[in-house]
């Protein structure tokens, strides 16, 4: 079965090191909680809010062993008035046997406000 796994994290500054570090924290958590192996990943879409342009956050994925051939694309979130700032979002499409209601979507730091219902520990 193909499933989408969502995640988001915020950063304090538009800083390349912080963006890559926080994106890696988010990816690590998504991978661990959902037992993801790179061979089962169809694609990874990463978005940033308009106030983040210091680096492509996909650089963090290239730091992970075995993820060299996983397709990844970065893009910009639409600029919705009063939306969460300095936010990096990930949509990972994976092949998994985990039922949809058992997928762990990961929201960290200030991004917890996006989906508090999914941020609770299962």
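Pick from 34, 15, 82: which is most flexible by mean-square fluctuation in a GNM of the chain where alpha carbon atoms under 10 Å apart are linked?
The residue that fluctuates most here is 82.
Testing the spin-label approximation: label points 7 Å from Cα along Cα→Cβ at residue 84 and residue 18. State their distance in nm.
Inter-label distance under the simple model: 1.6 nm.
Note down the relative contact order for the chain as a percent, whole number, built from C-alpha pairs under 8 angstrom at least six residues apart.
Result for the chain is 42 percent.
Ranked by Cβ crowding within 10 angstrom, fewest neighbours first, how are 107, 69 ordered?
69, 107
Can you sort 86, 33, 12 by how many other beta carbons sit within 10 Å, fewest first?
Going from least to most buried by this count: 12, 33, 86.
Between residue 75 and residue 29, what's the calculated FRET efficiency when r is the beta-carbon distance and R0 is 22 Å? Round to 0.05. Before the final figure, lay out each step's value.
Values: r = 22 Å, r/R0 = 0.98.
The calculated FRET efficiency here is 0.55.
Helix 16-34 sits at what angle to the longest principal axis of the chain, using alpha carbons and giving 0 to 90 degrees rounded to 10?
The helix 16-34 is inclined about 30 degrees to the chain.
Bear in mind these aren't lab numbers, they're just calculated from the coordinates by the rules spelled out. This structure is a prediction, so every number in the text was calculated from the model and none was measured. Here the Cβ is made from the backbone with ideal geometry for all residues, glycine too, and neighbour counts use every protein chain on show.
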